[in-house]
Amino acid sequence: DMKICELRLVLAEHFGNSPNKNVIVFCATRERVHDIVAALSGDPGIKAAAFIGQGSSSLQGKGAKGGKGRGMNQKMQQEVLKQFRKGLINLLVATCVAEEGLDIPEVGLIVCYDASVSPGRNIQRMGRTGRKEEG
């Protein structure tokens, strides 16, 4: 997949220049989130984890292999965020659930893997970066 190859290049450059700055990749669907995490697992320097909502969508659950349509409960979400903040995970691959209301410091790069549905969502996504830095 060309998009995954391009994402790998972007991530390699980012982590080469800013090894202590985390990355969030936003995706439109849970299935895409799981596909990206699977594709990048094992890549040097990348410690990826999925971050998706709690609900289980019947649309996203249909035909998805390995429970890709299932959501993450709040405890699972909190554990992933804890590991992300500690640096045990440096790449969060998320659905729109991570766009608002999360306090995630030290995010140096946001990647919108799928086209966003609205300009407002892009603003929310970009608001995840640079929260600890002035300017």
Taking the conditions exactly as written (open to solvent by 90 Å² or more (accessible area, probe 1.4 Å), part of a helix (DSSP H, G or I) and either at pLDDT below 95 or in contact with an Asp or Glu (Cβ under 9 Å, 6 or more places away or on another chain) (or both)), does Arg85 satisfy them or not? yes
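Residues being over 13 Å from Val10 (Cβ atoms) and of a type in the set (Val, Ile, Thr): count how many of those fall in segment 94-115.
Residues meeting the conditions: 4.
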So, first residue farther than 18 Å from Glu31 by Cα in segment 70-92, second residue modelled with pLDDT of 95 or more and basic (Lys, Arg), Cβ within less than 7 Å, six or more apart or across chains; the pairs are Leu88/Lys47; Ile89/Lys47; Asn90/Lys47
Of all the residues that make up segment 11-41, how many are closer than 27 Å to Asp103 by Cβ and surrounded by 14 or more Cβ atoms within 10 Å (Cβ to Cβ)? 19
Being of a type in the set (Gly, Ala, Ser) and at pLDDT below 90 is the filter here, so list the residues in segment 15-27 that pass it. Ser18
Looking across segment 88-107 at residues that are modelled with pLDDT under 90 and small (Gly, Ala, Ser), the single one that is surrounded by the fewest Cβ atoms within 10 Å (Cβ to Cβ) is Gly101
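The values are calculated or read from the model by the stated rules, or taken from the named source; none is laboratory data. Since the model is a prediction, treat every value here as computed from it, not as a measurement. So basically every Cβ, Gly included, is an ideal-geometry build from the backbone, and we count neighbours across all protein chains shown. Ligands, DNA and RNA are excluded from the accessible area calculation, which covers all protein heavy atoms including side chains. Shrake-Rupley method; radii C 1.70, N 1.55, O 1.52, S 1.80 Å.
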